[in-house]
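Okay, so here's the structure we're looking at.
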Amino acid sequence: MTQKQQLAQTLLSALNVLGAEFADIVDVLLERPRDFSHGDYASPLAMQLAKKLKKNPRELALQISEIWKTVPGIASAVVAGPGFINLSLASGVAQKVILEVLAAGVQYGQQAPNQK
């Protein structure tokens with residue numbers, strides 16, 4: 001599992017503590033921002049969910065970002081624009097991935113045959 005996939009799963013788990021409101025979410029979309037000063041990842045999740053939940057996307061993003069700030073490995077979760085959430089990883093998280101890549105060698109990022 002890649003760092004991005006692990007992070008998405010962790011963020012999704014953090015949302016599940018809110019209960020039924022977020023129960024139908026199966027994926028957390030994470031993108032690399034064009035401007036690296038915005039953080040390591042950006043998520044439009046609040047904008048995707050706002051209509052379904054009948055909430056203002058920016059207010060929803062604020063709610064989600066407060067939850068994500070409690071996730072180990074997240075240095076910051078900042079709401080930007082109409083509801084994007086910019087995430088910065090703690091410095092140790094990137095170092096951990098480097099060690100995983102070095103340990104796995106050419107096998108890094110490849111799925112096991114039984115995983116899909």
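The values are calculated or read from the model by the stated rules, or taken from the named source; none is laboratory data. Worth saying up front: this structure is predicted, and the values here are computed from it rather than measured. So basically every Cβ, Gly included, is an ideal-geometry build from the backbone, and we count neighbours across all protein chains shown. Just the protein is used for accessible areas: all its heavy atoms, side chains included, with ligands, DNA and RNA removed. Shrake-Rupley method; radii C 1.70, N 1.55, O 1.52, S 1.80 Å.
Quick rundown of the values:
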| read-out | value |
| --- | --- |
| Qualifying residue in region 4-23 (condition: within 29 Å of Gln107 (Cβ to Cβ), assigned to a loop (DSSP other than H, G, I, E, B), open to solvent by less than 60 Å² (accessible area, probe 1.4 Å) and at pLDDT 80 or above) | no |
| Candidate set from region 48-75 (those that are farther than 20 Å from Glu31 by Cβ and in a loop (DSSP other than H, G, I, E, B)); member that is modelled with the highest pLDDT | Asn56 |
| Odd one out for Glu66, checked against (1) touching a strand residue (DSSP E or B) at 6+ places or on another chain (Cβ under 9 Å); (2) open to solvent by 60 Å² or more (accessible area, probe 1.4 Å); (3) touching a residue at least 12 places away in the same chain (Cβ under 8 Å) | (3) |
